[in-house]
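The values are calculated or read from the model by the stated rules, or taken from the named source; none is laboratory data. Model, not experiment: these values are computed from the prediction. Heads up, the Cβs are rebuilt from the backbone with ideal geometry, glycines too, and the neighbour counts pull from every protein chain shown.
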Amino acid sequence: MLSFYQGRSVFVAVFCLLLFVLFVRNRSSPSSSFRLPHRSRSPLGSIGNDTLGFQKVFFINAPWRIDRKDSVSLATAHSRIKFDWVDGVNGSALHEKVYPPPGRYRTVLPEKRGQWRAHMNAIWEIVQYNVTTALILEDDADWDVRIRQQLSELSHGIRRLPALIKRSETHQHTPDEPNEQLSPTALVKASTITLSSASRLTIPPPNPYGLNWDLLWLGHCSTDLSPPSPHSPDRIMFPDDPTVPSPNELHDNFSTLYPPHTRLVHRTNTTRCTTAYAVTQSGARKLLYQYGIRDFSQPFDEAVSGWCDGTARGVSVEARGLCMGVSPPVFGEWDDGKEGVGELKRDDEAEGQGQGKAMKRRARVEWSVRDNLEVLVRGDEVEGWQQ
């Protein structure tokens, strides 16, 4: 019979052996779980829900592109995103009476007419059912596996930016201040504020992005920054964001103006591609009137950009929409490698890329959900962006 001390020695030996086995196993076996090196400094709040903090999410998909429907369904399932489908439209099948007068639509290619009507149908749904905020995505949209962390961080700047924009606009109408010869670097610094860490620790409200804006461009091909506003900053900077690709992978104009791994929230300017954007109820009503009733004479993304910039037909700078953009965007365009992807869209496509050029695979998305569906389905580790 073992004495008390002998029994305790055996117990300690067995316990140490178990610890050693577990250590060796963890060191030798490959990881099968995805670990996030970037933890949001902001509480997720309602952004953690299944609509990313918006009331509704819509995906536009041509019914005959079942392949993309399958891909979107898998990607959203793994990202826990609940959404509604909006059918794409064949532009060649549209009756001429559906277009706003006086027939300027004839200057737009049929495939772009279909894109316009598909987006207008999504916007009509938002107006018809009085949706407070909605995110609209095209079926080639891609996003990072850390999308909620990204949006949680950005939401604090998105809520604050409209007030900065209005203050900047008011300042533009005041008497000119002494003309200061500022360098480009100094102009950028004076036009931008950095959100403090303390302000990002607050729990987002039920409407985490606020409601005092019209359109939020979260996925685009390109955009320019609005003119510098050194006396009243109207850009918000998020530095040291590990989800932002390295500068050599970015082709945005601002990537040389700001430090690496910086993301901005700013007023949009000459934006292209409607890969992903959100609208408020107010913004949806304005868009439905402007492009459902008043005018349609150019591709949808160019039209919306003009409405945001105050250069659209019948829209003055004072009456333009309050449109904000995120740069680099948090939603990119996914190239599935099939012939014709990235070219000007044909009649059978609902989405449009605006430029007619192939986008780089996983463009602007570090850890792509769409490009990692196979490993996500297997439950393996997600691979990062590699050349």
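When you scan region 77-192 for strands (runs of 3 or more DSSP E) that lie fully inside it, which ones turn up with 3 or more residues that are buried (at least 19 other Cβ atoms within 10 Å of the Cβ) and among the polar types (S, T, N, Q)?
By residue number, no strands (runs of 3 or more DSSP E) qualify.
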Worksheet item: Does at least one position in region 207-219 carry a residue that is among the aromatic types (Phe, Trp, Tyr), modelled with pLDDT of 90 or more and assigned to a loop (DSSP other than H, G, I, E, B)?
Response: yes
Discussion item. Looking at region 82-90, can you tell me whether even one residue there is under 30 Å from Gly210 (Cα atoms), in contact with a Ser or Thr (Cβ under 8 Å, 6 or more places away or on another chain) and not small (Gly, Ala, Ser)?
Written reply: yes
Response to the item:
Counting only residues that are at negative phi and part of a loop (DSSP other than H, G, I, E, B), region 249-308 contains a total of 18
Worksheet item: If you check Arg159 against the conditions, is it among the basic types (Lys, Arg) and under 20 Å from Ala77 (Cα atoms)?
Response: no
Discussion item. Between Arg148, Arg113, which is farther than 17 Å from Phe59 by Cα and under 13 Å from the mean Cα position of the chain (by Cα)?
Written reply: Arg148
Worksheet item: Can you name the residue in region 56-76 that is in a helix (DSSP H, G or I) and β-branched (Val, Ile, Thr) and is also surrounded by the fewest Cβ atoms within 10 Å (Cβ to Cβ) among such residues?
Response: Ile66
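Does region 322-337 contain any residue that is aliphatic (A, V, I, L, M), assigned to a helix (DSSP H, G or I) and buried (at least 24 other Cβ atoms within 10 Å of the Cβ)?
Taking every residue of region 322-337 in turn, none turns out to be aliphatic (A, V, I, L, M), assigned to a helix (DSSP H, G or I) and buried (at least 24 other Cβ atoms within 10 Å of the Cβ).
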Discussion item. For region 245-255, check the following and say yes or no: at least one residue is farther than 24 Å from Gly306 by Cβ, in contact with a Ser or Thr (Cβ under 8 Å, 6 or more places away or on another chain), surrounded by fewer than 17 Cβ atoms within 10 Å (Cβ to Cβ) and in contact (Cβ under 8 Å) with a residue 12 or more places away in the chain.
Written reply: yes
